[in-house]
Ligand SMILES: *[C@@H]1O[C@H](CO)[C@@H](O)[C@H](O)[C@H]1NC(C)=O
């Protein structure tokens, strides 16, 4: 399930979420198909029926000379940037060889507007049997860069370099390209310090809220909260981990072999951040959490940081879907300022 080629509305009423999908159709023109064929080096590009049994992703499946591909379309102006970010995210996740994700193949501009992302097609069903494996594979993905630090001591590290076989420890927080959580680009400019990076991330959301809503309460709470952020990290050393960035249960599934993640908005950040949206909409079983924490135990102060990380997603939803997320956002800020 993706909210890239659709507008997704969450209407929050107490703890019940209603989800409505509205597709923005774009007409894939002949020119675009020719461009995709060129990029893939295939003479054949035929739409097959639906996604097939158990497929939970929205988009189109096509047959090529070398197997099936999945094509996501989006007609918006920012589509190219969004898909470039997703392309790099999937690539970075696959480079860790920890959790399966669809192999990204190409991003192509649509001459009539927007862009498409072409990736490997994987026949998936809802996560159930492999939830605990996802817990351990996600933990391994989070540890991948941190373990590379131990191996690379004495070697020079280069930010953003993650070539397979010659993996270099990434010693900063950020990502080589902007990635979009939803359709809003995240500023992934590299930063040495996680608290600075994350405060900037929240600030970016609050600046958008200020521009759109001029919400005095949000402004006042944020002026207090931003000063308190460093104290939630006392006694914790944060090292950069590759994150999925948007790991709610709609962005994970499984094949008969194991779990799959997709629709990523990656960056290097605190591993605890990745679990915040996982907790917001449910859908991950107890086994997922137990397995994850058996590998990476909860560190001291987890609860407040978990709230602080959920704040980003509440604000980001407020900016995407409107003031249904206002009270949740303000409540977290009040709790944390207390
Ligand atoms: C991203 O953040 C950095 C550091 O604050 C800033 O210099 C840069 O202008 C920002 N980029 C965008 C596109 O806002």
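Okay, here's what the table says:
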quantity: Members of the stretch 199-209 found to be crowded, with 20+ Cβ neighbours inside 10 Å and within 12 Å of the ligand (Cβ to nearest atom), listed by number; calculated: 201
quantity: Within the stretch 183-198, tally of residues that are in a helix (DSSP H, G or I), more than 18 Å from the chain's Cα centre (by Cα) and within 12 Å of the ligand (Cβ to nearest atom); calculated: 1
quantity: Odd one out for residue 245 among (1) surrounded by fewer than 21 Cβ atoms within 10 Å (Cβ to Cβ); (2) under 27 Å from residue 147 (Cβ atoms); (3) more than 13 Å from the ligand (Cβ to nearest atom); calculated: (1)
quantity: Test: residue in the stretch 78-96 that is part of a loop (DSSP other than H, G, I, E, B) and at pLDDT 95 or above; calculated: yes
quantity: Which listed residue is modelled with pLDDT of 95 or more and away from the ligand (no atom under 13 Å from the Cβ), from 156, 220, 163, 147; calculated: 220
quantity: Any hit, the stretch 20-43, residues being at negative phi, modelled with pLDDT of 90 or more and in contact with a helix residue (DSSP H, G or I) (Cβ under 8 Å, 6 or more places away or on another chain); calculated: yes
quantity: Scope the stretch 88-101; condition more than 9 Å from residue 261 (Cβ to Cβ) and touching a helix residue (DSSP H, G or I) at 6+ places or on another chain (Cβ under 7 Å); matching residues; calculated: 96, 98
quantity: Qualifying residue in the stretch 236-249 (condition: more than 23 Å from the chain's Cα centre (by Cα), assigned by TED's automatic domain parsing to the domain that holds residue 147 and touching a residue at least 60 places away in the same chain (Cβ under 8 Å)); calculated: yes
quantity: The lone exception for residue 111 - which of (1) in contact (Cβ under 8 Å) with a residue 40 or more places away in the chain; (2) in contact with a helix residue (DSSP H, G or I) (Cβ under 6 Å, 6 or more places away or on another chain); (3) crowded, with 18+ Cβ neighbours inside 10 Å it fails; calculated: (3)
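The values are calculated or read from the model by the stated rules, or taken from the named source; none is laboratory data. Every value quoted in this text rests on a predicted model; they were computed, and no experiment measured them. Note: ideal-geometry Cβ built from the backbone for every residue, glycine included; neighbour counts use all protein chains shown.
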